[in-house]
Amino acid sequence: MNCPFCDKEIIATQKIYETQTEYVIYNIRPANKGHCLVVPKRHVQNITQLTDEEAASLIKTVKYIYKKLKEHLNPVGFNNGFNDGEYAGQTVEHFHFHIIPRFKNDNLPEFHLFHRDPKTKRNFSDEEIKPFVEEFRKILNPL
């Protein structure tokens, strides 16, 4: 396996923090100062492969790093998250969570997850959203 997040030399060079279950590494191609990645030590491709304990630890570490970056860099906001799969922009097949501090005039593109109908750029009406809500309620709350 040729995974950069499993490579001990890469981790040793980029690691800025470590817990029992994850590393925090400074991004080799940072979008902004402070851009770091929270990476599980165990090789998993996506979030669903984390144990509940690993997922809880990862989020606890994200919160800690976020707080420290906020105190140290005083950004005006953050982009936080992960890409899952090639079509979502995942380029390393090892799950990792991005923490990207944002600053006024940082020249990064404004980033929002899609939250509107991509064809019309408008929000769904109550009637348009109703079938989706009913469908996913059934899936997520089986009888």
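Between the amide H of TYR23 and those of VAL39, LYS41, distances stay under 5 Å, these residues lying 5 or more places away or on another chain, with hydrogens modeled in the peptide plane. A quarter of the convex hull surface defined by the alpha-carbon atoms of the chain gives 11.8 nm² as the mean projection. Packing-based ranking of 77-84, 130-137, 94-101 yields 94-101, 77-84, 130-137, ordered from highest to lowest mean Cβ neighbour count within 10 Å. What net charge is computed for the residues neighbouring PRO131, neighbours being all others with C-beta under 12 Å from the C-beta of PRO131, Lys and Arg scored +1, Asp and Glu -1? Surrounding charge for PRO131 is -2.
In percent, rounded to a whole number, the relative contact order of the chain is 22, using alpha-carbon pairs under 8 Å and six or more apart.
So how many Å³ per residue does the convex hull of the Cα atoms of the range 1-77 work out to? If you can, show how the numbers build up before the last one.
Numbers: hull volume 8.1 nm³, N = 77.
Considering the Cα atoms of the range 1-77, their hull volume per residue is 106 Å³.
Could you identify which residue out of ILE65, ILE16, ILE129 has the top mean-square fluctuation in a GNM of the chain using Cα springs shorter than 10 Å? Greatest mean-square fluctuation among the candidates belongs to ILE129. Could you work out how far helix 52-73 tilts from the main Cα principal axis of the chain, as a 0 to 90 degree angle to the nearest 10? Once rounded, one gets 70 degrees. Tell me the angle of helix 126-140 to the major Cα principal axis of the chain, expressed in degrees between 0 and 90 and rounded to the nearest ten. Here the helix axis deviates by roughly 60 degrees. Mind scanning LYS63/LYS121; LYS41/LYS68; LYS8/LYS104 and naming the pairs with a C-alpha gap bigger than 28 Å? Exceeds cut-off: LYS63/LYS121; LYS8/LYS104.
Rule-based calculations on the coordinates, nothing more; no lab input. Just so it is clear, the structure is predicted and the values come from calculations on it, not from any experiment. Every residue, glycine among them, receives a Cβ derived from its backbone with ideal geometry; neighbour counts consider all protein chains shown.
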